[in-house]
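The values are calculated or read from the model by the stated rules, or taken from the named source; none is laboratory data. Owing to the predicted nature of the structure, the values given are computational and were not obtained by experimental measurement. Reconstructed Cβ throughout: ideal geometry from the backbone, glycine too, with neighbour counts over all protein chains shown. Surface areas here come from the heavy atoms of the whole protein model, side chains and all, with no ligands, DNA or RNA. Shrake-Rupley method; radii C 1.70, N 1.55, O 1.52, S 1.80 Å.
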Amino acid sequence: LELESELQTALDNDQFCLFLQPKYCLESGVLDGFEALVRWRHPEKGLIMPNHFIPQMEQGEMIFQLGRWVISHGLNIIRGLERSGLGQFKLAVNLSARQFCDDKLVDHLSACLQDMPGDRLELEITENVLIHNSELAASVMKQANDLGVTVALDDFGTGYSSLSYLRQLPVDVIKLDRSFIAPTNESEESRHIVTSVIDLAHKLNKYVVAEGVETQEHLLFLKEHNCDSAQGFLLSRPIDEHELPDVLAKGD
Ligand code: G
Ligand code: G
Ligand code: NA
Ligand code: MN
């Protein structure tokens, strides 16, 4: 209960912040966007990671407010970078199953994207979003699509019925879960899974992002097999929003 009221204070007093993790186009090497990862800057305890507060927020209504804040604040950061001449980037935000079914979500998206093309925003959803309420989820995806917003299936391959979702829903991007990327050096099976998912995605006209790229070997393997984009500690850690302009200005 104490955590709950602290979290409400955190929302009211703007104690949340975003770290942005770059994604790179593998063919060109160009930075093409960021994934927003929320953190709580606690006045006494310092930086707190989302697994320590999101589950609590998920129990009530606060999670909706947080989700909308991540979208509007994240897009403000993207707008700021563009105005400073640092580049045009796409923002990806994570939405839990409950956040995705927030009845104010679509209006919020449309309000935040008044002065920006909708395809500057991507919603990353996991398969459990679809399991819990697949009709509503499909309708939200369609409305997001109508605004130009793209949808990525996060942690792809770890859920129950990935393939039927690919067939039925307007998913634009597949994010290959890092548990498939990590063992590619030593496991031929993992290499087959990764290359087959890439081929499948391309045949369905979808874009593939590999998560958890941690070694040069991972990177070379993914490039060789035409994976579109990559993200991971080898390329960049998530960057504090306040440090981002400097990091981009320095050109790395
Ligand atoms: O941020 P980290 O680097 O620790 O992320 C841990 C987990 O928290 C990941 O599964 C990530 O998807 C999730 N996460 C990070 N930011 C958000 C957010 O804004 N909303 C939701 N729902 N999950 C998030
Ligand atoms: O569930 P989701 O895919 O949104 O997870 C995002 C989480 O993955 C964040 O906690 C982020 O810090 C973490 N992450 C990002 N890149 C890497 C990586 O290369 N290796 C590992 N182990 N975790 C990563
Ligand atoms: Na994600
Ligand atoms: Mn993931």
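In this structure, every pair taken from Lys175/Lys203; Lys23/Lys206; Lys23/Lys175; Lys104/Lys142; Lys175/Lys206 has an alpha-carbon distance of 18 Å or less. Rolling a 1.4 Å probe over the heavy atoms of the protein chains gives the chain an accessible area of 49 Å² per residue. The slack in the chain from Gln168 to Cys25, taken as 0.36 nm per residue of separation less the alpha-carbon distance, amounts to 48.8 nm. Among the trypsin sites (Lys or Arg not before Pro) in the range 8-59, those located in a DSSP loop and surrounded by at most 10 other Cβ atoms within 10 Å of their own Cβ are Lys45. Using a simple spin-label model with pseudo-atoms 7 Å out from Cα toward Cβ, Leu86 and Gln59 lie 3.7 nm apart. Look at the dipole of the range 106-252 built from charges on Cβ: of Thr158, Ser187, Val171, the Cα furthest out on the positive end belongs to Val171.
You can think of it this way: the chain between His242 and Asn76 has 58.5 nm of extra reach, that is 0.36 nm per residue less the Cα-Cα gap.
Distance between the C-alpha centres of the range 38-98 and the range 135-204: 23 Å, rounded to the whole angstrom. Of the chymotrypsin sites (Phe, Trp or Tyr not before Pro) found in the range 116-212, those in coil by DSSP whose Cβ has at most 13 other Cβ atoms within 10 Å are Tyr160. With all protein chains in place and a 1.4 Å probe, the accessible surface of the range 1-147 carries 49 percent carbon and sulfur. Each residue, Asn145 and Glu217, gets one label point 7 Å from its Cα in the Cβ direction; the gap between the two is 4.0 nm. The heavy atoms of Ser134 present about 60 square angstrom of accessible area, all protein chains included, probe 1.4 Å.
The calculated FRET efficiency for the pair Glu2 and Ser196, based on their C-beta separation and a Förster distance of 51 Å, comes to about 0.55. Taken over the chain, the alpha-carbon convex hull comes to 136 cubic angstrom per residue.
Figure legend: label point modelled 7 angstrom from the Cα of Asp32 along Cα→Cβ; residues of the range 220-252 with amide N under 14 Å from it are 223, 226-231.
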